[in-house]
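Enquirer: One structure, as structure tokens, below. Some questions next.
The values are calculated or read from the model by the stated rules, or taken from the named source; none is laboratory data. Because the structure is a prediction, the values reported are computed rather than measured. We place every Cβ from the backbone using ideal geometry, glycine too, and count neighbours over all the protein chains shown. Please note that ligands, DNA and RNA were not included when accessible areas were found on the heavy atoms of the full protein model with its side chains. Shrake-Rupley method; radii C 1.70, N 1.55, O 1.52, S 1.80 Å.
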Amino acid sequence: MLYKYNGGNLEMLESHDIRVVEGKEKDLENLLAKNLSDLYVENGQLMPIFQERAMQEEPDLCALDRDGNLLIFELKRSTVTGDVTLQIMRYCQNYGQKNYSDLCSMYNTFLHTETANLQEAHAEAFGLDKPLNVEKFNRHQKLILVGSSADYALMENVSYWKKQGIDIDYIPYRFYEIADEIFFEFFAKPYDYHINPREIKGIIFDTNRSYDENAIWDMMSKHKVSAYGSVKNCVQAFNKGDYVLYYHKGYGVVGVGKIKSSKPKDIPQNEEMYMDVELLTPELNGEISHSISASELKQLLNKGFYFAKTTKVPYLSVEESKKVVKALEEKFST
């Protein structure tokens, strides 16, 4: 809940559900599916693999965590009532019995393709050294109920099933209207460790190798960090003084710099947006000689990351960013 501070007093602000933006339950589902790796942080980020289809008795959203466990989401536009626990239990009974082949079919349906390899996509998303064995997928299920509010019966039911050993939880979402702008709130479990974007931070940033092998050399030679096409606005996540950790697919972090620009520069003809960078590690010139792999990064910082985005999450603190700089410099020096 959000409160307005007023001379030592707190005034509770009115909250709304997704109807405030003329949205329906499906719009809430799409919003969470698109942003799940940023919003849900318990045990690391999540990889969406399925969304409910029209006129089907299916969960609203399914996702995998780093260990291959299945998270089943049931979303309600407004209040989540007590009887919804029985609904999500039915889904758990049905989807908890899905094997790897079933999950792979769900993932292909989600992507509207027939050729996606879930094992490889999962390993890439979480930076695993090698894909999980198929037997490790869906060994455990977690049930998540999401709504703008909950009735007393729901909280009683969730508490009851938790005592019975069922991994189930309720997470509220809310919209607020403040000064003619719309704000969204989602309650991360079990605690919120997001770094304040206004503070100096480090961002692991993709070099676009999947689409342009030469993009990294352009960034290095011109001392910049760039994003392209539909995701070019990603560079707006940086502020002056932030650390950029260049992540090259198949290698890991290959360089680090600090943002010099106060705001991004747009090159419409290239569908590119970039910010100027002061390189802190040696400039690369046509060859990757040293890198810190995803698994090395996890070991170095003692936390995992979700790599299936241009800006990898979570962000790094200044101290963590300096650790990466030092580790990469040591590799170059040897």
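Enquirer: Residues of the stretch 1-146: accessible area per residue at 1.4 Å, in Å²? Working shown, then result.
Expert: Numbers: 7630 Å² over 146 residues.
Heavy-atom SASA per residue in the stretch 1-146 reads 52 Å².
Enquirer: Compare 21, 158 by solvent-accessible area with a 1.4 Å probe and give them largest first, with all protein chains kept in place. Mind showing how you got there, number by number?
Expert: Working: 21 70, 158 5 Å².
Putting 21, 158 in descending order of accessible area: 21, 158.
Enquirer: Pop the C-beta distance of residue 162 and residue 270 into the FRET formula with R0 = 51 Å and round what comes out to the nearest 0.05.
Expert: Details: r = 52 Å, r/R0 = 1.03.
Here the calculated transfer efficiency is 0.45.
Enquirer: Given springs between every Cα pair under 10 Å in a Gaussian network model of the chain, which of 155, 12, 47 has the largest fluctuation?
Expert: Per the Cα network of the chain with a 10 Å cutoff, 12 tops the list.
Enquirer: Picking from 31, 280, 71, which is most flexible by a Gaussian network model of the chain using Cα springs under 10 Å?
Expert: Highest fluctuation of the listed residues: 31.
Enquirer: Out of all DSSP beta bridges with both ends in the chain, state the antiparallel percent to the nearest 5.
Expert: Working: 40 of 58 bridges.
Roughly 70 percent of the beta bridges in the chain run antiparallel, per DSSP.
Enquirer: Leaving ligands, DNA and RNA out of it, report the carbon-plus-sulfur percent of the accessible area of the chain at a 1.4 Å probe. Can you show the working numbers first?
Expert: Working: 7950 of 17520 Å².
Accessible surface attributable to carbon and sulfur in the chain totals 45 percent.
Enquirer: Further question: Helix 152-163 sits at what angle to the longest principal axis of the chain, using alpha carbons and giving 0 to 90 degrees rounded to 10?
Expert: With both axes taken from Cα atoms, the answer is about 70 degrees.
Enquirer: Return the Rg/Rh value of the stretch 186-253, two decimal places, where both radii are evaluated on C-alpha atoms and Rh is the Kirkwood radius. Let's see the in-between values first.
Expert: On the way: Rg = 14.0 Å, Rh = 13.5 Å.
That ratio equals 1.03.
Enquirer: Now, a different point. List every residue whose amide H lies under 5 Å from the amide H of residue 313, counting only residues 5 or more places away in sequence or on a different chain, with H placed 1.01 Å from N in the peptide plane.
Expert: Amide H to amide H, under 5 Å and 5 or more residues apart or across chains, residue 313 pairs with 306.
Enquirer: log10 I(q)/I(0), Debye, Cα-only the stretch 65-137, no solvent, q = 0.18, 0.20, 0.22, 0.24 Å⁻¹?
Expert: -0.81, -0.92, -1.02, -1.11
Enquirer: If the cut-off is a Cα-Cα distance under 18 Å, which aspartates and glutamates reach residue 249, setting aside same-chain residues fewer than 8 apart in sequence?
Expert: Reachable aspartates and glutamates: 120, 124, 129, 206, 212, 213, 218, 283, 287, 296.
Enquirer: Please report the antiparallel percentage of the DSSP beta bridges confined to the stretch 146-222, to the nearest 5. Don't skip to the end; give the middle numbers.
Expert: On the way: 6 of 8 bridges.
Antiparallel bridges make up about 75 percent of those DSSP assigns within the stretch 146-222.
Enquirer: List every residue whose amide H lies under 5 Å from the amide H of residue 224, counting only residues 5 or more places away in sequence or on a different chain, with H placed 1.01 Å from N in the peptide plane.
Expert: Under 5 Å from the amide H of residue 224 lie the amide H atoms of 277, each far enough along the sequence or on another chain.
Enquirer: Sticking with this one: Using protein chains only and a probe of 1.4 angstrom, how many square angstrom of residue 161 are accessible, to the nearest 10?
Expert: Using a 1.4 Å probe on the heavy atoms, I get roughly 70 Å².
Enquirer: Relative to the longest principal axis of the chain, what angle (0 to 90°, nearest 10) does the C-alpha long axis of helix 100-111 take?
Expert: Its long axis makes an angle of about 80 degrees.
Enquirer: Nearest 10 degrees is fine. How inclined is helix 25-39 to the longest principal axis of the chain, computing both from alpha carbons?
Expert: The angle comes out at about 40 degrees.
Enquirer: Which whole-number value in Å² is the accessible area per residue of the stretch 190-334, probe 1.4 Å? Intermediate values should be presented prior to the final figure.
Expert: Values: 7410 Å² over 145 residues.
The answer is 51 Å² per residue.
Enquirer: Continuing with this model, one more query. In the stretch 3-111, what GluC sites (Glu not before Pro) fall in a loop by DSSP, with at most 16 other Cβ atoms inside 10 Å? Mind dumping the intermediate values first?
Expert: On the way: sites: 11, 14, 22, 25, 29, 42, 52, 57, 74; in loops: 14, 22, 42, 52, 57.
Taking the stretch 3-111 and a limit of 16 other Cβ atoms within 10 Å, the loop GluC sites (Glu not before Pro) found are 14, 22, 42, 57.
Enquirer: Compute from the Cα atoms of the chain the Rg and the Dmax, the latter being the longest Cα-Cα distance, and quote both in angstrom.
Expert: That works out to 21.6, 63 Å for Rg and Dmax.
Enquirer: What residue among 211, 100, 170 has the largest mean-square fluctuation in a Gaussian network model of the chain, using Cα springs under 10 Å?
Expert: With Cα springs under 10 Å in the chain, the top fluctuation among 211, 100, 170 is at 211.
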